[in-house]
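Shown next, in structure tokens, is the structure this report addresses.
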Amino acid sequence: MKIKSFLGKSLTLVVLGIFLFSGWKIGLELYENKHNQTLLDDAKAVYKKDVATTNVNGEVRDELKALRKLNKDMAGWLTIADTEIDYPILQSTDNDYYLHHNYKNEKARAGSIFKDYRNTNEFLDKNTIIYGHNMKDGSMFADLRKYLDKDFWEKHPTFSYESGLANYKVEIFAVYETTTDFYYIETEFPGANDFDNYLQKVKRQSIYKSNVEVSGKDRIITLSTCDTEKDYEKGRMVIQGKLVAK
């Protein structure tokens, strides 16, 4: 009887411990999500008040100067209508730091929306790549999956990308799910033909046939996030569009 009583009490304590730990983790996750949203709202307030300004003679736009007072790594802003995607873009010297940190340099599960460290010249880079987590709470790049709905794609064929030097409308020409086995994050192309070949390759991946004309003379942007529904370890959701200066 004593053994059964001991085992019963031990099991109760184990279950209670699991319950308390789970509650703590959920509470911590909710706190982090709320804290991250507050920081993003603060950045948005700084950015939006000067959003009407434009660059002059290739100088950094005023609104980005304001953002860089928050963090010198601020590299632009990305907005997609009717989604949660309305975020600052950061850039570090690698593709790991802002995967795990917010713009306050605090460790954060949501990380930041960030530009590939290999993109160094805005007007020469043929493919600007921007990454973000696919968060369960719908933040960061989770809403890229809305483009898997054809009706959403047809109603939202463009989005806005504002860099340090220019403001772009992005015309979407490819939407697809893939894995890291398909190398779509190429940033260097020796010649126009190489870039043309790349464009044909990614357009073949698209689940939609787009009327957007894109060639080796153009510059594009690639949005990339994890896609656990495609493949838990290697799945990726990708949106690609042509940069058109406003």
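What shape does segment 75-167 take by its C-alpha gyration tensor, where a ≥ b ≥ c are the square roots of the eigenvalues and a/c under 1.5 counts as rounded, a/b above b/c as prolate, and the rest as oblate? It is oblate, given that a/c is not under 1.5 and a/b is not larger than b/c. With no solvent and one point per C-alpha, what does the Debye sum give as log10 I(q)/I(0) for segment 36-245 at q = 0.16 Å⁻¹? Debye curve over Cα of segment 36-245, log10 I(q)/I(0) at q = 0.16 Å⁻¹: -1.10.
Here's the picture: a label point sits 7 Å out from the Cα of Y183 along the beta-carbon direction, and within segment 231-246 nothing has its amide nitrogen under 13 Å of it.
Our note on the geometry: Cα centres of segment 107-148 and segment 178-246, 14 Å apart.
Sorting F159, F114 by the number of Cβ atoms found within 10 Å of their own Cβ, with the fewest placed first, yields F159, F114. Between H100 and A192, the simple label model (points 7 Å from Cα in the Cβ direction) yields a spacing of 4.4 nm. Computed from backbone phi, the HN-Hα couplings of segment 139-149 come to 8, 6, 9, 4, 6, 4, 5, 4, 6, 6, 8 Hz, rounded to whole numbers (Karplus: 6.51 cos²θ - 1.76 cosθ + 1.60, θ = phi - 60°; Gly and Pro given as x).
The numbers here are math on the coordinates, done by the rules we state, and not lab data. Fair warning: this is a prediction, and the values are worked out from it, not measured in the lab. In this analysis, Cβ positions are derived from the backbone assuming ideal geometry, glycine residues included, and neighbour counts consider all displayed protein chains.
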